[in-house]
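What follows is one structure encoded as structure tokens, with my remarks underneath.
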Amino acid sequence: MKTTVDGYTSTFDAGVECRKEQYSSFVNQYYDLVTDFYLFGWGKSFHFAPRQRGESLKDAINRHQNYLAEQLSLKPGMNVIDLGCGVGGPLSNLVRSTGASITGINNNGYQIEIAMKNTKDVSALCSFIKGDFMHIPERDNKFDAAYAFAATVHAPDETQLFREVFRILRPGGCFASYEWCLTETYDPEKSEHRKIKENIMLGNGLQDIPRTSDVSESLKKAGFEILKVHDQACESDPKMSWYRALEGRDFTFASIPRTPLGRSLTNLTLRIGEKLHLVPQGSRAVSTFLNKGADALVAGGRTDTFTPMYFFLARKPEVVQKTMEPDR
């Protein structure tokens, strides 16, 4: 593990361009390191959700997933792709709730193994591709719909990724996603904002973070018609912020690993475990950068400089233009 930690941190420290050049190994190293931590702290769905008063995080996550399914009108007989499917949490839930056939693509072999176990009861409607979503090994116009849950931020070039999604969607097919973005409040001239961004990237395996306006521009360049965009972080109850789970204000037995106290205790336990050779060397380093990332996510939410749920719904036109808008 320590070798993987060293490889991940050295690539991160080398800067944005290096991270983009080595995005495949960089992201793979990250998820090799953190997947078990995520499963411990979050369960099978690695994403946030807008909260309503009195609503548990689990219920909010399920509602968040169902909203996306409703926007895409997922139903039996549809052929759908999940971009960056993780361990199959959202995928399995959407297969069960909609009856659609869903293919998950993920470049991390360990997560694919877990996803296959998590979808055994619906395996007839699920398939998985171990591959790079920048180069999807599927024919043109194959899928009726595509979606992503906080995954496309790992792309080294979001416009190019959206073009790849455009290619595999049938004409008239829709693409929906929850995006990790910097809001228009983010000011790169402010050191506090830059530090928040840097630690979010470190703690979450990111090369960079786009602004909300960049996402819309990338969709247009790829050829999509934008049907809907909005920041769902603004839809949380003011007393139930999306980052509440990381603040320690959601105190239940299951939530303890996500709280500041729980994260500190985990870090201390790993420190002792390393000294006693009970856990792999490097475990505490992973816990440390995850904690930095968690604290930065809370700071990003409090300062309104970051959102993990900028939602869009876009459509591939029925009649596709031969040329897309060029990059500028």
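Straight-line reach from LYS221: which aspartates and glutamates have a Cα under 15 Å away, not including same-chain ones fewer than 8 places off?
Within the straight-line cut-off, LYS221 pairs with ASP157, GLU158, GLU164, GLU325, ASP327.
How about LYS120: which aspartates and glutamates have a C-alpha closer than 18 Å to its C-alpha, ignoring those fewer than 8 places off in the same chain?
ASP82
Using a ≥ b ≥ c from the Cα gyration tensor of the stretch 26-69 (square roots of the eigenvalues), is it rounded, prolate or oblate, where a/c under 1.5 gives rounded and otherwise the larger of a/b and b/c decides, a/b for prolate? The partial results should precede the final answer.
Numbers: a/c = 3.39, a/b = 2.07, b/c = 1.64.
Taking the square roots of the gyration eigenvalues as a ≥ b ≥ c, the stretch 26-69 is prolate.
Past the 18 Å Cα-Cα mark, which pairs from LYS20/LYS142; LYS20/LYS197; LYS220/LYS316?
Working: LYS20/LYS142 28 Å; LYS20/LYS197 16 Å; LYS220/LYS316 10 Å.
Among LYS20/LYS142; LYS20/LYS197; LYS220/LYS316, the Cα-Cα distance tops 18 Å for LYS20/LYS142.
Can you tell me which lysines have their Cα less than 18 Å from the Cα of LYS58? Leave out same-chain residues fewer than eight positions away.
Reachable lysines: LYS44, LYS239.
Taking amide H positions as placed 1.01 Å from N in the peptide plane, with prolines and chain starts having none, which residues 5 or more places from PHE128, or on another chain, fall under 5 Å of its amide H?
GLY104
Shape call for the stretch 49-208 from the C-alpha gyration tensor, a ≥ b ≥ c root eigenvalues: rounded (a/c under 1.5), prolate (a/b greater than b/c) or oblate?
prolate
Over the chain, what is the relative contact order in whole percent, taking alpha-carbon pairs under 8 Å and six or more residues apart? List each step's numbers first, then the result.
On the way: 597 pairs, mean separation 71.7, N = 328.
After rounding, I find 22 percent.
For THR152, THR3, THR183, what ranking results if the residue with the fewest other Cβ atoms within 10 Å of its Cβ goes first? Could you put the intermediate results ahead of the total?
Numbers: THR152 22, THR3 10, THR183 18.
The most exposed by this proxy come first: THR3, THR183, THR152.
Can you match percent of Cα pairs over 35 Å apart to one of these, (1) 34; (2) 17; (3) 22, based on a calculation from the structure here?
Checking each listed value against the structure points to (2).
Laboratory data are not the source of any read-out in this text; all were calculated from the coordinates shown. Just so we're clear, the structure is a prediction, and the values are computed from it rather than from any experiment. When we count neighbours, we look across all protein chains shown, and the Cβ atoms used for this are built from the backbone with ideal geometry, even at glycine.
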